[in-house]
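This report concerns only the one structure given below.
No value in this document is a laboratory result; all are computed from the given coordinates. Just so you know, these numbers come straight off a predicted model, no measurement behind them. Don't worry about glycine lacking a Cβ; one is built from the backbone with ideal geometry, like all the others, and counts go over all protein chains shown.
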Amino acid sequence: MRILAKHGDEMDILALPHETVKKGEYLSIEEGSDLRTLLIQAYEETYMDAPGVDEEILRDELFHPEVSKIDDPNELQSVSYMIKDARVLRCKIRASIDGQTLSHDVNWLPSRAQNRIQRFPYDKMIRYVSRPEAHRIELGNTIGGEGFGIDCEDLDGRLTIITGKKESGKSHLSKLLISGLIAHGAYVVVFDINGEYGGISFNKDGGPSPFIDRVKNFQVGSNLGFSLKYLGKRVFIDILSHALDTPSITVREFMKIWDHLVANGRLNMRGLYEAILNWQSNEMVKNALLSRYYSLMSTRLFIDSEISAVDFKDTISQFPSGVAMIFSLPTISSLSRRILVQIVLTKLLDLLEGKEIPPIFLFAEEAHLYLRDTYWEDLITRMRHYGIFTTFITNQPDALGPSVYRQADNIFLFNFTNERDLEMIAQAAIVDADTVKGIVRTLPRRHCLALGKVVAELPVTVSVRDTQFVTLGSTRLFFNGPTPIEPPINHSKT
Ligand SMILES: Nc1ncnc2c1ncn2[C@@H]1O[C@H](COP(=O)(O)OP(=O)(O)OP(=O)(O)O)[C@@H](O)[C@H]1O
Ligand SMILES: [Mg+2]
């Protein structure tokens, strides 16, 4: 391989047909005299347009039968084939290695005449960027076939995005991350829009998985409900204002009713209903109060007991070695979803502000279905500050908004072919548009491009590994899971 040219942060490398380099692989350029090494990553591959090649190809095509009969003792023909098949690898300059130090600031140019260019295996790269005693999560292999994993430390305090087109393997990766986090004792909250994360508890052979004692499923109608006392006034008011669009005048009335209920020791949904009915106010305000009350009741999320079915602090203390709290959302209405998510987030924030619980890793699938745009900013900035570290998973990259991409610390990017989707992701600060468009467009299923802190800012193409535990989505579980009713008996054979 040879250096052809350099433009800005890019290098063009000439590769002969036998010098195969896959898109996404790294190359090192070593200078003969020096110990310095330049690390570059191939993101695109084209033919070398040498002068006269077009004419040669045309001549080949026209005289092909004769050409093959010509005696070619000096193997000129094979040289000519090599020239035609020579490729140019478009590469991004990623880092420089000087002795034992890897640096992202590259301020030198290798000699074009005297250098050695070769594949730079990931195993070698990891030696420069790995941290000792990290909490590893094995995720699969690089395209070069070396094992690939990330450190939980790089998800800690970070904003992560997993995106790609439908069925590309996003949820699968997210389940791998969750199982890795809980294996290391972390606390995870999952908004499970398709009801597929409960599978983490079971192996594909039907037996329990190693995580069975670290998963807590919450389902509306069974073990998912909150008492007003547990929620507290602030969370309740937040739900009214944000999830139910309650006008401020009505919110104020609710606040007065709340205080009245507390003073009389009747803070529950029944007490709330009776208080609204007997409340001294005009018909309009009373109707507004009642309509909100009915909306809340319709969600089945509020229970009339002093003790909540869900208690985050309790759950966390019951699982001292980490737990994934999975909130199943597929069977509930969009209003219930919005209110549930609002309750969970506001309550977690409340507990984190009081330092009552440890930081939480939040996994939100298709969050645009239950969170408003204004809430993104909040999740990312305010909530991160208190200790909610979010991973968004989506197949609609434009649903997240450019500010989310700009603030992302890590992105796991699966295949996208749509130009608009690629443009959206290219806005992320941690990656350049050329890499996104060059590599992601041709990624096979179950492969992703890992970007950001998890790969020490050195993008890596990963083939995501399979799991022992069940990862199927809800639609597949309907056909593959246990049959809900007994199959009819076939009498014809008896
Ligand atoms: N690395 C992998 N190894 C084995 N199976 C995988 C892998 N990645 C994904 N799958 C399987 O492929 C199917 C689709 O994957 P997954 O549900 O993760 O896709 P998705 O991108 O989340 O799709 P959607 O956009 O519909 O949510 C699933 O059945 C999953 O189990
Ligand atoms: Mg999915």
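Just to verify a number: FRET efficiency for Arg270 and Gln396, C-beta to C-beta distance, R0 = 45 Å, to 0.05?
Numbers: r = 42 Å, r/R0 = 0.92.
It comes to 0.60.
Any idea how far apart Lys124 and Glu423 come out in nm if each label point goes 7 Å out from Cα toward Cβ?
4.0
Beyond a 25 Å Cα-Cα separation, which of these cross-linked pairs lie in this structure: Lys229/Lys355; Lys92/Lys175; Lys170/Lys355? Before the final figure, lay out the partial values.
On the way: Lys229/Lys355 20 Å; Lys92/Lys175 31 Å; Lys170/Lys355 32 Å.
The answer is Lys92/Lys175; Lys170/Lys355.
Can you tell me the FRET efficiency between Thr20 and Gln468 if r is taken as the Cβ-Cβ distance and R0 is 25 Å, rounded to the nearest 0.05? Can you show the working numbers first?
Values: r = 33 Å, r/R0 = 1.34.
So the FRET efficiency works out to roughly 0.15.
Please say if the chain is rounded, prolate or oblate, where rounded means a/c under 1.5 for a ≥ b ≥ c the square roots of the C-alpha gyration tensor eigenvalues, and otherwise the choice is prolate for a/b larger than b/c and oblate otherwise?
prolate
Using a Förster distance of 56 angstrom, determine the FRET efficiency expected from the C-beta separation of Asp205 and His385, and round it to 0.05.
0.80
Under 15 Å from a label point 7 Å along Cα→Cβ of Trp279: give me every residue in the stretch 234-253 with its amide N that close.
Residues passing the 15 Å test: 236-241, 244-253.
Using only the alpha-carbon atoms, how far is helix 248-263 inclined from the longest principal axis of the chain? Give it as 0 to 90 degrees, nearest 10.
The angle comes out at about 60 degrees.
Have a look at the DSSP beta bridges in the chain and tell me what percent are antiparallel, nearest 5. Could you put the intermediate results ahead of the total?
Details: 52 of 82 bridges.
Here the antiparallel bridges make up roughly 65 percent for the chain.
What shape does the stretch 235-298 take by its C-alpha gyration tensor, where a ≥ b ≥ c are the square roots of the eigenvalues and a/c under 1.5 counts as rounded, a/b above b/c as prolate, and the rest as oblate? Present the calculation step by step, with values, prior to reporting the outcome.
Numbers: a/c = 1.43, a/b = 1.20, b/c = 1.20.
It is rounded, given that a/c, with a ≥ b ≥ c, falls under 1.5.
How much length would be gained if the chain were fully extended between Ile249 and Glu138, taking 0.36 nm per residue of separation minus their Cα-Cα distance, in nm to one decimal? Write down the numbers at each step before the final one.
Details: separation 111, 0.36 × 111 = 39.96 nm, distance 5.32 nm.
Once the chain is fully extended between Ile249 and Glu138, it gains 34.6 nm.
Report the label-to-label distance for Asp304 and Arg131 in nanometres (one decimal), using points 7 Å from each Cα along the Cα→Cβ vector.
5.2
I want to check the label-to-label distance for Ser317 and Lys233. Put each point 7 Å from Cα in the C-beta direction and report it in nm to one decimal.
Going from the Ser317 label point to the Lys233 one covers 2.6 nm.
For the charge dipole of the chain, defined by +1 on Lys and Arg C-beta atoms and -1 on Asp and Glu C-beta atoms about the Cα centroid, which residue among Ile411, Val251, Val190 has the Cα displaced farthest towards the positive pole?
Of Ile411, Val251, Val190, it is Val251.
Compute the angle between helix 53-62 and the longest alpha-carbon principal axis of the chain, please, reported from 0 to 90 degrees and rounded to the nearest 10.
80
Please identify the GluC sites (Glu not before Pro) of the stretch 302-399 that satisfy two criteria: DSSP loop assignment and at most 12 other Cβ atoms within 10 Å. Which are they? All intermediate terms of the calculation are to be shown ahead of the outcome.
Values: sites: Glu306, Glu353, Glu356, Glu365, Glu366, Glu377; in loops: Glu306, Glu356, Glu366.
Passing sites in the stretch 302-399 are Glu306, Glu356.
Binned at 10 Å from 0, what are the whole-percent values of the Cα-Cα distance distribution for the stretch 1-62, short to long?
P(r) for the stretch 1-62, in whole percents per bin: 17, 44, 26, 11, 3, 0.
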